[in-house]
Amino acid sequence: IRTIGVLTSGGDAPGMNAAIRAVVRTALACGIKVRGIRRGYHGLLKEEIIDLSARDVSDTIQRGGTILQTARCASMRTEEGQQKAAAICKKYGIDGLVVIGGDGSFAGAKALAHLGVNTIGLPGTIDLDIACTEYTIGFDTAVNTAMEAIDKVRDTSTSHERCSIIEVMGRDAGYLALWCGIANGAEKILMPEEHDYDEEALIKDIKECQRRGKKNYIIINAEGVGDSMNMAKRIEAATGMETRATILGHMQRGGSPTCKDRVYASVMGAKAVELLVQGKTNRVVGYMHGEYKDFDINEALSMKKTVPDYQYDIAKTLAL
Ligand code: F6P
């Protein structure tokens, strides 16, 4: 490997800069040139390619977002787009590529690997929805950001003796909701994976909690379960308890990464370069059972991830 390219793709996640920095500096330490690709695959197709030196990544490890910018790129799902991307990599001498993103980004990496560009994927998403890893870059920061925001909503909710619905991100995955549900002591966690959303039962539970003397009722609603604003109106009408909805939104994706995100992202970035140096391709780095591992991208994409029922049941018990 003589030149490694690095890009971030899909939704940004805190810690991506730590991963980029680690890729750059590990590669340079091995005598490999590094090119940064701006705006994900979109930028690759537009040849937005820059050289990266050790100094270019100075003062970045503590910053949220991604210094390379990111994008979601529909063309990279087409064969034409993939061929063009591989040809551009060849034109710029990029014989190894590190793709930091989620499953969608790995599908692009897999296509490039088949077209002769050695590729390694790093799991970068606040959603924690990548099956081959127990850790994804950005989740730890996002879940802490959400937890702190929910604590604040809880203060006012208690003062006003209200029901508060707080909607967290996660697309089709309930990890942010589940972790916040436990960390914030929510009365109810609504997750896309639990197909038993039953508003009547929820209303009954709110009334029962009022009877038991609870001062407020916190519902963590994972994005995708239902419309929090309308849900709030229906709950207020049915229970007589004032209800407000708060959608945390993109603030969950920003902010300075936690120590865990900086450290894990750094190790993963370094590992990606090591794998390329060893001649590996079409791999995804993951963290499983206390170890950093790498998986074949096809295998990683076919793996299924389920939210732990055990943890969900505990959350229910603790909401007593
Ligand atoms: O994948 C990260 C994520 O923040 C999801 O939780 C959310 O559904 C989605 O991205 C939002 O995407 P966008 O920023 O493009 O609206």
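Points 7 angstrom from Cα along the Cβ direction at Asp151 and Glu47: gap in nanometres? Calculated label separation equals 5.1 nm.
In a GNM of the chain with a 10 Å cut-off on Cα contacts, which of His42, His289, His160 has the highest mean-square fluctuation? Among His42, His289, His160, the largest mean-square fluctuation in the Gaussian network model of the chain belongs to His289.
May I ask you to list the GluC sites (Glu not before Pro) in the range 230-320 that are in a DSSP loop and have at most 15 other Cβ atoms within 10 Å of their Cβ?
Listed in order of number, the matching sites are Glu242.
Our summary gives the chain a relative contact order of 23 percent, counting only alpha carbon pairs under 8 angstrom and 6 or more residues apart. Subtracting the Cα-Cα distance of Thr317 and Asp56 from 0.36 nm times their residue separation leaves 89.0 nm of extension gain. The range 192-262 and the range 138-178 have their alpha-carbon centroids 8 Å apart.
Globularity index of the range 70-189 is 1.44 (Cα radius of gyration / 2.2 N^0.38 Å, N = number of residues). Using the Cβ-Cβ distance between His160 and Thr78 with R0 set to 41 Å, the FRET efficiency works out to roughly 0.20.
Computed over the chain with a Gaussian network model linking Cα atoms closer than 10 Å, the most mobile of Glu200, Glu148, Glu48 is Glu200. The antiparallel fraction among DSSP beta bridges confined to the chain stands at about 20%.
Between Tyr310 and Glu200, what FRET efficiency comes out of the Förster formula 1/(1 + (r/R0)^6) with R0 = 30 Å and r the beta carbon distance, rounded to 0.05?
Given R0 = 30 Å and the Cβ-Cβ separation, E is 0.70.
From helices alone, the chain scores -13500 deg cm²/dmol at 222 nm; the rule is -39500 (n - 2.57) for each run of n ≥ 4 DSSP H residues, then divide by the residue total. Shown here for the range 199-293: trypsin sites (Lys or Arg not before Pro) in loop regions (DSSP other than H, G, I, E, B) with at most 15 other Cβ atoms within 10 Å, namely Arg212, Lys215. Here Lys293 is the anchor, and the lysines within straight C-alpha reach of less than 26 Å, apart from those fewer than 8 places off in the same chain, are Lys33, Lys110, Lys260, Lys271, Lys280, Lys304, Lys305.
Here, each number is a calculation from the coordinates, and none is a lab measurement. Since this is a predicted model, take the numbers as computed values, not measurements. Positions of Cβ are backbone-derived with ideal geometry, glycine not excepted, and every protein chain shown enters the neighbour counts.
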